[in-house]
Every structure is written in C-alpha cells, then in structure tokens.
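The values are calculated or read from the model by the stated rules, or taken from the named source; none is laboratory data. Keep in mind that what you see is a predicted model, and the values were worked out from it rather than measured. We place every Cβ from the backbone using ideal geometry, glycine too, and count neighbours over all the protein chains shown. Surface accessibility is based on the protein's heavy atoms, side chains included, excluding ligands, DNA and RNA. Shrake-Rupley method; radii C 1.70, N 1.55, O 1.52, S 1.80 Å.
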Amino acid sequence: MKLCLLLNVIDPKIGGVMIMGDRGTGKSTTVRSLVDLLPEIRVVFGDPYNSDPEDPESMGIEVREKVVNGEELTITMTKINMVDLPLGATEDRVCGTIDIEKALTEGVKAFEPGLLAKANRGILYVDEVNLLDDHLVDVLLDSAASGWNTVEREGISISHPARFILIGSGNPEEGELRPQLLDRFGMHAQVGTVRDAELRVKIVEERARFDKNPKEFRDSYKAEQEKLQQQIASARSSLSSVQIDQDLKVKISKVCAELNVDGLRGDIVTNRAAKALAALKGRDIVIAEDIATVIPNCLRHRLRKDPLESIDSGLLVIEKFYEVFG
C-alpha cells in the first residue's frame, strides 16, 4: 500500500491507487499521512487551478490567455494539494458552480471552482469509494479519463484542467466497485489485518504514544521522514532517465496477454510503475525484481472475475510472472 502511494507521487501518470481491505487497518491514516511527504511544485500565483507555468496542458484558460498575450506570470512554489471528496458531496460542489451572487450583482457569468479544480496537479482522495453515489462516479470517470472538467449550466460552458492522482479506499464487504471505475485506478493494493500478536502490540503501543504526545511522536520520526522526502524528490527528477530493456517490455506484455487482461492499460501501468520503483531505489535501469514487486498491484484488479476461482488474483499474477520470466 505504501509503495503504491509513493510510486504515484513519483510518477502521477501511473493513475492512482485503489486500496481495499478490512476496516481498521489504517487505510485512511496512511493516505492522509502522505501529505507530509508530498514535494513542492511550481504554480502560477493566485490561480485556482494550480496551473503549471511551463505546461500548457495543465493551465487554466485565463493563464493560457496571459501567456499568449506575452504577460509576465507570477510563479510561486506550493505543496501538492490533497483534496478529500466526502461521500455526501453534491455534484456542483465537486464540478464547480455558477456564482449566482456575482451574476445578480455585477451581471457577469462567474464560475466558482469546485473540488476537481482544487485537485488539479494534486491528489483526489475518496474514502469508502465503493459507497460513492453513481452520478459522482460518472463525473470522476469523465475528468479522470480526459484530464479536463467541463461544466455546462445555465447557458454557460466552462472547462478547466483536472489532472489528479485518484486514490480510493474501501472495504470489499460493503459493496463491489463498478468495473469501469476499478479500471481507472492504475494500481490496486490489498490490505489484511495483522495476525502476528507481537506486531499488533507494537501498533497499539505506537498509537498510545501518539495519543499521549503527538508532537513528540512526530519528532521521533522526523529524520527518517526527511530522508524519505529527499528520496522522493531525487526519484522525481531522475525518473525521465530511467530505461527499461526491450526484452523486459516484451515479457511484461506477454504476462498481460496470457492472463487475458482487457485493454492495454495493464501493460502501460506496469512499465511506468517499474520505472518509478527503479528511480526510487536510485537506479537508472529497470531489473526483473522491480517488475516482480509491482506487477501484482498493477494487474490484480484487471483480471476477469471467475466466481469459481478460490485463489487470490494477486497470486495468479505472481505465478504467471515466474512462469514467463523463468
């Protein structure tokens, strides 16, 4: 679970993580703790969409017009945003809404950006994603697929960039996830309850220590955390130079083909995740071990469901991996 989250921070194009597991296994805690590890990015000052001053693809319309007119942009550094999508959110709060007050007082069509605008170039986290209303799922699917959110209301049409890392968590007992949404998640992590008594005691003690004095608890992990932050920052900068061998690419696609994975998303995500892992480990070449680590999480949720199959789909992927890679 932690690895999937880190890889997505290193390469946001992996396409997010779906975390499924028992209740009380620290899914939400882990995702929310990711905020402290997020690196800083360059944004245009005062822009509601966190526009990238270099990349026209993730610029808001106004910023793009400024660039075309040759105006000077004020650039500032800011931490990557993490936006929570509550289950009870209304559609206009998610997509954005027309500012009626401004329309009445000033007679202009003004747009009030929603959560998708806030999440551009950041992370959108949906807790209990399998309980999310169907119409919100459709909205998410639409902007996750295109990277843009379009609002059509009251005779006004507004588009803005909405490229985000989609992170969802949920408990499989509470309901299945719609297959088309499941396919949108790049990786899928399965979390189980710890069965080892000693480890459970350690978790309980750590929790008690945190409750007693949160600041002291944080300070005790400060050095490790800073080291990890630096590791992520260097991995992000060296990602573009990581190479993957042609032979390994062919083997990855062979695994996907033999497992009857629909579409090519599985191949693409596995290649990206393996590169991100190599960058995290400070190498510039992908080895088979990297692929072995990430391939179950990239393909587990893409296999066709067989109701008679008793074996976990992650194990099926690993078996096929060893068969192909020898």
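Using only helices, what value at 222 nm comes out for the chain when you add -39,500 (n - 2.57) per DSSP H run of length 4 or more and divide by the total residues, to the nearest 500 deg cm²/dmol? Please report the intermediate quantities before stating the final value.
Numbers: 15 runs with 151 residues, N = 326.
When only DSSP H runs of four or more count, the value is -13500 deg cm²/dmol.
How long are the semi-axes of the equivalent ellipsoid of the stretch 248-288, defined as square roots of 5 times the Cα gyration tensor eigenvalues? Whole Å, largest first. Walk me through the numbers on the way to the answer.
Details: eigenvalues 95, 20, 7 Å².
Rounded to whole Å, the semi-axes are 22, 10, 6.
Along the charge dipole of the stretch 81-237, Cβ charges K/R +1 and D/E -1, which of 150, 186, 95 sits furthest on the positive end?
186
In Å², what does the accessible area per residue of the chain work out to with a 1.4 Å probe?
Details: 17620 Å² over 326 residues.
Per-residue accessible area for the chain comes out at 54 Å².
Over 16 Å, how big is the tail of the calculated P(r) for the stretch 197-236, in percent of all Cα pairs?
52
Taking the chain as a Gaussian network, Cα atoms linked when under 10 Å apart, which of 248, 136, 315 shows the biggest mean-square fluctuation?
For the chain, modelled as a Gaussian network with Cα springs under 10 Å, the answer is 315.
Å³ per residue of the Cα convex hull, for the stretch 242-325? Write out the running numbers ahead of the final one.
Working: hull volume 6.6 nm³, N = 84.
Output value, Cα hull per residue: 78 Å³.
Please compare each pair in 118/254; 27/251; 66/102 to a cut-off of 28 Å on the Cα-Cα distance and tell me which ones are over it. Spell out each step's value before the answer.
Working: 118/254 39 Å; 27/251 32 Å; 66/102 23 Å.
Over 28 Å apart, Cα to Cα: 118/254; 27/251.
Given the peptides 205-215, 8-18, 89-99, 233-243, arrange them by the average over their residues of other C-beta atoms within 10 Å, most packed first.
On the way: 205-215: 10.6, 8-18: 22.5, 89-99: 17.8, 233-243: 15.2.
Per-residue mean Cβ counts within 10 Å order the peptides as 8-18, 89-99, 233-243, 205-215.
Just name one of 31, 175, 111: the one whose Cα is farthest towards the positive end of the charge dipole of the chain (beta-carbon charges, Lys/Arg +1, Asp/Glu -1).
Of the options given, the answer is 31.
Can you give the Kirkwood hydrodynamic radius of the chain from its Cα pairs, in Å with one decimal?
On the way: mean 1/r = 0.0463 Å⁻¹.
For the chain, inverting the mean 1/r across all distinct Cα pairs yields 21.6 Å.
How large a share of the accessible area of the chain, in percent, is made up of carbon and sulfur atoms when the probe is 1.4 Å and the other protein chains stay in place?
Values: 9010 of 17620 Å².
That share works out to 51 percent.
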